[in-house]
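Report on one structure; see the data block that follows.
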Amino acid sequence: MVHFERHTLSNGLRVIIHRDPGTPIAVTNVLYNAGSRVESPDRTGLAHLFEHLMFSQSLHVKDFDEAIQHAGGDCNAFTNTDITNFYDMVPVANLETALWLESDRMMGLKFSQEELDVQKKVVIEEFKETSLDQPYGNLWHLMASQVYERHPYRWPTIGLTPDHIAEVTLDEVKKFFHTWYRPNNAIICIAGNVDPQHVMSRVEAWFGQIPSGPEIIVPFAEESIQTYRREIVTRDNVPLPAFYMGFRCPGRLESGYYAADLITDILANGPSSRLYRRLVIDKELFSHLDCYQTGTLDPGVLMIEAKPAPGLSLEEAEEIIWNELDDLASIMIGDRELEKMKNKNEAAIAFSEVAIVHKAMNLAHCEWLGQPDLINQEIDHYRAVTTQEVRDIAADLFQKQKANVVFYAK
């Protein structure tokens, strides 16, 4: 059981405090409700750009990384379609430094054309390395554009094109910051061997006077039910032919999410999973197989990745995968197989709460979902999934007219 306190400042900042007497480290995790979905389709990649800009000079701090390191700590961040998350790990005695640093960059960045140009070059180079020059690197550009026709998930977090970042102006960057990186659009979680009452007084002192921003309306567009197969064939310079199938699946808080997650485990989590055991080990028909879901707030993507062995065409390989998916939607799933995957998930959840930084992230994420006690309920949700629910969800998901396929041919 993870115990925590919840508070909300007058400016809208939500605060989660968790006391863990077993660690000498204090973690400050700041989650902004500002992933790539809040961008305009003609100016994508801004949330990821801000992941970099937030480590630039702020009102009273010249170098965020250097200040954290002087306090004996470390920091990092990540961006996805839904959120941008920053975390700092310092000795408990230096928690005040982390709070000061996070409050200073929330209060405001020292925007300059020079710093913007530097970070634009860094992000554009990352775009080239991960999406343009990497084999299969454009997968999410191709897949997302098929799965989503209207929802802002239809572009990847890195952005649609590096031109959007190259052309962004300083005024656009300032407007983006003052809209999305405000206390009323943020959650801060402090975890460690801390006194909650003292921590709350320090959070109030450092963050309480930061003005809130405009009312937040996160972009959303409902997708219609997919009624036909969507397919892209690309002949990029890839080392091996491959194909990827994506199916729109339940969102993070929707009925069926946990069953869909267990389906990905049944198919391709570990050497005893169905696809890996039957098609990689036993029949040696594939050199690589994987299955996972994106876990986004709104309906996400359940992905199947496959690289067939030499001599097996992409079309033949896809048909073999379909046979396995049809089995999953039949009576072939058993209680023992499902129980094994539930046990794996329970172990993974327990392991994720060992590190204090992961616990802080999970608490902030559950608060963002609007279900702060979900951190203590996840195992029960997985345990409640039945074999019939797995079959029903599989039958609903794995329909050929709902498939989105990307072929990488040689």
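The values are calculated or read from the model by the stated rules, or taken from the named source; none is laboratory data. Since the model is a prediction, treat every value here as computed from it, not as a measurement. Using ideal geometry, Cβ is built from the backbone for each residue, glycine included, and neighbour counts are taken over all protein chains shown.
Checking 115, 102 one by one, the residue that is closer than 30 Å to residue 24 by Cα and of a type in the set (D, E, K, R) is 102 and no other. Among the residues of the range 371-393, those that are within 23 Å of the chain's Cα centre (by Cα) and touching a residue at least 60 places away in the same chain (Cβ under 8 Å) comprise 371, 372, 375, 376, 381, 382, 393.
The number of residues in the range 131-147 being closer than 13 Å to residue 244 by Cα and among the small types (Gly, Ala, Ser) comes to 2. Among the residues here, residue 29 does not qualify as in a loop (DSSP other than H, G, I, E, B), at pLDDT 95 or above and on the phi < 0 side of the Ramachandran plot. Of the helices (runs of 4 or more DSSP H) that lie entirely inside the range 101-197, those containing 3 or more residues that are of a type in the set (A, V, I, L, M, F, W, C) span 113-127, 139-147, 170-180.
Within the range 69-95, restricting attention to residues that are free of Cβ contacts under 8 Å to residues at least 60 places away in the same chain and buried (at least 23 other Cβ atoms within 10 Å of the Cβ), the residue that is farthest from residue 198 (Cα to Cα) is 84.
Could you tell me which of the residues 266, 225 is within 28 Å of residue 382 (Cβ to Cβ) and surrounded by fewer than 17 Cβ atoms within 10 Å (Cβ to Cβ)? Step by step, each of 266, 225 is checked, and only 225 is within 28 Å of residue 382 (Cβ to Cβ) and surrounded by fewer than 17 Cβ atoms within 10 Å (Cβ to Cβ). Within the range 290-324, the set of residues being outside any strand (DSSP E or B), within 30 Å of residue 368 (Cβ to Cβ) and in contact (Cβ under 8 Å) with a residue 60 or more places away in the chain comprises 294, 296, 297, 298, 299. Inspect the range 313-336 for any residue being surrounded by 14 or more Cβ atoms within 10 Å (Cβ to Cβ), farther than 22 Å from residue 396 by Cα and of a type outside the set (A, V, I, L, M) and give the result as yes or no. The answer is no, given that none of the residues of the range 313-336 is surrounded by 14 or more Cβ atoms within 10 Å (Cβ to Cβ), farther than 22 Å from residue 396 by Cα and of a type outside the set (A, V, I, L, M). Remark: residue 202 matches the filter, which requires a residue to be in the same structural domain as residue 46 (by TED's automatic domain parsing) and in contact with a helix residue (DSSP H, G or I) (Cβ under 9 Å, 6 or more places away or on another chain).
Pairs are defined by a Cβ separation below 9 Å, a sequence spacing of at least 6 or placement on different chains, a first member in the range 145-169 that is in the same structural domain as residue 52 (by TED's automatic domain parsing), and a second member that is aromatic (Phe, Trp, Tyr) and at pLDDT below 95; the pairs so defined are 151/220; 152/220. Taking the criterion of being of a type outside the set (S, T, N, Q) and within 13 Å of residue 9 (Cβ to Cβ), the residues of the range 178-192 that qualify are 182, 183, 186, 187, 188.
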